[in-house]
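These notes concern the structure reproduced below.
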Number of protein chains: 2
Amino acid sequence: MNTGTPSIEINEVGPRDGLQIEKAFVPTEEKIALVDALSDCGFSRIEVTSFTSPKAIPALADAQEVMRRIRRPPDVIYTALVPNIRGLERAIEVGTQEMNLVMSSSETHNRANLRMTRDQSLAELTSILHAAQGTSTPCNVSLSTVFGCPFDGDVLVDDVLRLAHQLAEAGAAGITLCDTTGMAYPTQVAALCETVLRELPGLPITIHLHNTRGMALANAIAAWQTGVTRFDAAVGGLGGCPYAPGASGNVNTEELVHMFECMGVKTGVSLQPLLNIVRGLPQLVQREFSTPLLAAGHRLATHQPPAWLAEKFGPADGVHA
Amino acid sequence: MNTGTPSIEINEVGPRDGLQIEKAFVPTEEKIALVDALSDCGFSRIEVTSFTSPKAIPALADAQEVMRRIRRPPDVIYTALVPNIRGLERAIEVGTQEMNLVMSSSETHNRANLRMTRDQSLAELTSILHAAQGTSTPCNVSLSTVFGCPFDGDVLVDDVLRLAHQLAEAGAAGITLCDTTGMAYPTQVAALCETVLRELPGLPITIHLHNTRGMALANAIAAWQTGVTRFDAAVGGLGGCPYAPGASGNVNTEELVHMFECMGVKTGVSLQPLLNIVRGLPQLVQREFSTPLLAAGHRLATHQPPAWLAEKFGPADGVHA
């Protein structure tokens, strides 16, 4: 099959995109411990928190304290979502190394999620990008709903390209193509990634997938085959979208790492410490959820055969022939 | 991206491969109703039951009655698993149109699952294939563990090819490459499918995937890209493997159908009646399990925006622009 690059980079977004919609408030100390544990796994980036208004996202009201107190090994870039200039200032105060701005490529989702029209959001993001240029802090922009909007349906590729061009011209250091509610399918992912890579050469492109309809890993392969090398993912598959009933979480980091490492594609991420974190997640977010890779283990985590086999067939010599 | 054929065939294996490991016995009438409902969905084949000893698989002890009493629309092929000549005779008595034989490509799994060595299984299957030739009933062979064995680990491609050649020579009408416990990954699937298609030209090849580690749909795409056109799948993702802790079910039929239809690849299967069946599955098997596509709906099943949007932004004119 067509293959992509021999290594990819993973941006772990669980602490922000996962925890922001959890009902139980995760205590600040536990958020810090989560990020610190993730720091030892080998991620390129960790999206730590969001500098939104505590009223809008109470789950992440402790953004400044978390960002200030996490450990900072030098090979990880610590990022955060910022919605406005005030958020940018607060994020910079506590040493956030890269900003993630966000707007939707579809009109209704932008209005529902950000309470602004797309034009208003574009103006807001442009002002943040200009302000950030003076601080030499790179700002990535996550474009939501590029593979479909839960209100408006399919989104025009031209709308995505127009926004990506405008944001790149305004100074975006990269664009993330977000399948916000899990509407993307493989041929669509391949087509849009190819188009964006061709139309915006040199601009780092990240893909952000959700597993709502089971296609997250298939879509990851499709993106990788086009040359995309940066992937958002959330440990345990945390996350979701309040505006799309049934929308499940982000692509599961441990499944993404496992798949690419099986294929010989280097992710930089170590599976075992990551699975140790997954084991603690239901306790952390105070609800049960399924952790299939933790249950099954690595594909080559083999098992002892049933004891009666040796009795029936004699010693195992030659069994592995 | 590289694409496969514009249409595929789906073999629904839920009634056999799914129900065989359910703890609650599904009453005969309900099994018949399940198969009859599946018959209206558009599958090429339905694997109805298994003519194994009722002692070995009590869940399918009613094989003959189910096969005798299901409706038989003419465009569906009704198949069953048969483990030996006695099973073949029982299956033929009740009008089974195609047989599915099974053995493992790895030694230890064959011993654990079938209580025979691979050599013994090969002799048994050869005798069934020869007996079936006199009845003009086609026999497909499902080769288990071709992408890895939960006891022996990776399986040699040469072992798979040798068995496939021997079974084809003995009269197998097709070979199914089975990822019995969900150990396959996309590049591996592509490589083995390419090899088997090249080495056994003209022999129909089916792929049988499990979703244990989240890769079922990614593996389906990889197989389809090589030219494989036949897919096993189980409605609701029913199924599993008793010998691999954590091994989850078969690739979910509704997710497979949804993905390929989104890509414009015809499956022949209608999603809506299939989802109606999925809705009844937890009741049928007397346990809860997750049915994500039923919860989320088709990717274009869009939602009403929140009511406050119109108040804040005025009427929706232009929202969809």
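Observations on the structure shown:
- Extreme residue, farthest from the other protein chains (Cβ to nearest Cβ), among residues of the stretch A:293-309 that are touching a residue at least 12 places away in the same chain (Cβ under 8 Å) and not in a loop (DSSP other than H, G, I, E, B): A:Leu294
- Flag for A:Met116 being within 14 Å of chain B (Cβ to nearest Cβ) and open to solvent by less than 40 Å² (accessible area, probe 1.4 Å): no
- Put simply, of B:Asp179, B:Asp232, B:Asp159 the only residue that is surrounded by 22 or more Cβ atoms within 10 Å (Cβ to Cβ), within 14 Å of chain A (Cβ to nearest Cβ) and acidic (Asp, Glu) is B:Asp179.
- Qualifying residues in the stretch B:259-283 (those that are closer than 12 Å to B:Ile10 by Cβ, open to solvent by less than 20 Å² (accessible area, probe 1.4 Å) and out of contact with any Cys (no Cβ under 9 Å at 6 or more places or on another chain)) - the one farthest from the other protein chains (Cβ to nearest Cβ): B:Thr267
- Just one of the numbered conditions (1) over 21 Å from the mean Cα position of the chain (by Cα); (2) modelled with pLDDT under 95; (3) surrounded by 13 or more Cβ atoms within 10 Å (Cβ to Cβ) is not true of B:Pro245: (1).
- Of everything in the stretch B:211-229 that is more than 10 Å from every other protein chain (Cβ to nearest Cβ) and open to solvent by 10 Å² or more (accessible area, probe 1.4 Å), the residue that is nearest to the chain's Cα centre (by Cα) is B:Thr229.
- Selection count, the stretch A:157-171, where residues are within 15 Å of A:Ser104 (Cβ to Cβ) and small (Gly, Ala, Ser): 1
- Which numbered condition A:Glu288 fails, given (1) at the interface with another protein chain (Cβ under 8 Å from one of its Cβ atoms); (2) in a loop (DSSP other than H, G, I, E, B); (3) of a type in the set (D, E, K, R): (1)
- Count of the stretch A:11-51 residues which are surrounded by fewer than 24 Cβ atoms within 10 Å (Cβ to Cβ) and over 18 Å from A:Arg72 (Cβ atoms): 9
- Boolean, B:Glu107 is acidic (Asp, Glu) and buried (at least 23 other Cβ atoms within 10 Å of the Cβ): yes
- Selection within the stretch B:162-203 - more than 19 Å from B:Ala234 (Cα to Cα) and charged (D, E, K, R): B:Arg162, B:Glu169, B:Glu194, B:Arg198, B:Glu199
- Qualifying residues in the stretch B:182-203 (those that are away from every other protein chain (no Cβ under 14 Å), hydrophobic (A, V, I, L, M, F, W, C) and part of a loop (DSSP other than H, G, I, E, B)) - the one surrounded by the fewest Cβ atoms within 10 Å (Cβ to Cβ): B:Leu203
- With respect to the conditions (1) under 19 Å from B:Leu238 (Cα atoms); (2) β-branched (Val, Ile, Thr); (3) modelled with pLDDT of 95 or more, B:Ile21 lacks only one, and its number is (3).
- Candidate set from the stretch B:1-10 (those that are part of a loop (DSSP other than H, G, I, E, B) and in contact with a Lys or Arg (Cβ under 8 Å, 6 or more places away or on another chain)); member that is most open to solvent (accessible area, probe 1.4 Å): B:Pro6
The values are calculated or read from the model by the stated rules, or taken from the named source; none is laboratory data. In this text, all values refer to a predicted model and were calculated from it rather than measured experimentally. FYI the Cβ positions are ideal-geometry reconstructions off the backbone, even for glycines, and counts take in every protein chain you see. Side chains included, ligands, DNA and RNA excluded: accessible areas come from the protein's heavy atoms. Shrake-Rupley method; radii C 1.70, N 1.55, O 1.52, S 1.80 Å.
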